[in-house]
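**Q** My questions will all concern the structure given below.
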């Protein structure tokens, strides 16, 4: 497959990954955080679920289907979340890293990947 076409399969995931990085490293949060408990963890899980889903979808369109691909996506997206937490802790004060944020990232990565895996593997060929 042509390199540019292959890159295009992952463009949505790359854009989301860059958006997550940008928002994670801002000095001040430019939006008002809702008042309910656990919002931050929910936001982490949703962002990383989206990232993992887009990355998994790109992998499947790139003909890399199966459990190995699924686990690889979960590991890569989870490590990305962990790296951002470390960057926040050590390089971008007043931001701080949080183990629970990383746990939410990992959970989101697993959920997003699992959703695409289940949808993709349960696809039925159309009968015409």
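The values are calculated or read from the model by the stated rules, or taken from the named source; none is laboratory data. Treat the numbers as computed from the prediction; the structure is a model and nothing was measured. A quick note on method: Cβ atoms are made from the backbone with ideal geometry, for glycine too, and the neighbour counts reach across all protein chains shown.
**Q** State yes or no: is residue 83 touching a helix residue (DSSP H, G or I) at 6+ places or on another chain (Cβ under 9 Å) and at pLDDT 90 or above?
**A** Spelling it out, it is not the case that residue 83 is touching a helix residue (DSSP H, G or I) at 6+ places or on another chain (Cβ under 9 Å) and at pLDDT 90 or above.
**Q** Looking for whichever is at pLDDT below 85, part of a helix (DSSP H, G or I) and either within 29 Å of residue 123 (Cα to Cα) or under 13 Å from the mean Cα position of the chain (by Cα) (or both) here; the options are 59, 6. Which one fits?
**A** Testing whether each residue is at pLDDT below 85, part of a helix (DSSP H, G or I) and either within 29 Å of residue 123 (Cα to Cα) or under 13 Å from the mean Cα position of the chain (by Cα) (or both) leaves just 6.
**Q** Something else now. What do you reckon, is residue 68 surrounded by fewer than 15 Cβ atoms within 10 Å (Cβ to Cβ), farther than 20 Å from residue 123 by Cβ and at pLDDT below 95?
**A** Taking the combined requirement at face value, the residue does not satisfy it.
**Q** Please find, within the stretch 82-97, the residue that is surrounded by the fewest Cβ atoms within 10 Å (Cβ to Cβ) out of those that are in contact (Cβ under 8 Å) with a residue 60 or more places away in the chain and under 27 Å from residue 113 (Cα atoms).
**A** Within the stretch 82-97, the match that is surrounded by the fewest Cβ atoms within 10 Å (Cβ to Cβ) is 87.
**Q** Give the residue, chosen from 46, 21, 42, that is in a helix (DSSP H, G or I), more than 12 Å from the chain's Cα centre (by Cα) and modelled with pLDDT of 90 or more.
**A** Being in a helix (DSSP H, G or I), more than 12 Å from the chain's Cα centre (by Cα) and modelled with pLDDT of 90 or more holds for just one of 46, 21, 42, which is 42.
**Q** Also, quick follow-up: Among the numbered criteria (1) in contact (Cβ under 8 Å) with a residue 60 or more places away in the chain; (2) outside any loop (DSSP other than H, G, I, E, B), which one does residue 27 miss?
**A** (2)
**Q** Do you know which residues across the stretch 104-128 are surrounded by fewer than 16 Cβ atoms within 10 Å (Cβ to Cβ) and at pLDDT 95 or above?
**A** Once the filter is applied, which keeps residues that are surrounded by fewer than 16 Cβ atoms within 10 Å (Cβ to Cβ) and at pLDDT 95 or above, the stretch 104-128 yields nothing.
**Q** I've got another one for you. Could you go through the stretch 111-123 and let me know if any residue there is part of a loop (DSSP other than H, G, I, E, B) and either over 17 Å from the mean Cα position of the chain (by Cα) or farther than 14 Å from residue 25 by Cα (or both).
**A** For the stretch 111-123, residues part of a loop (DSSP other than H, G, I, E, B) and either over 17 Å from the mean Cα position of the chain (by Cα) or farther than 14 Å from residue 25 by Cα (or both): present.
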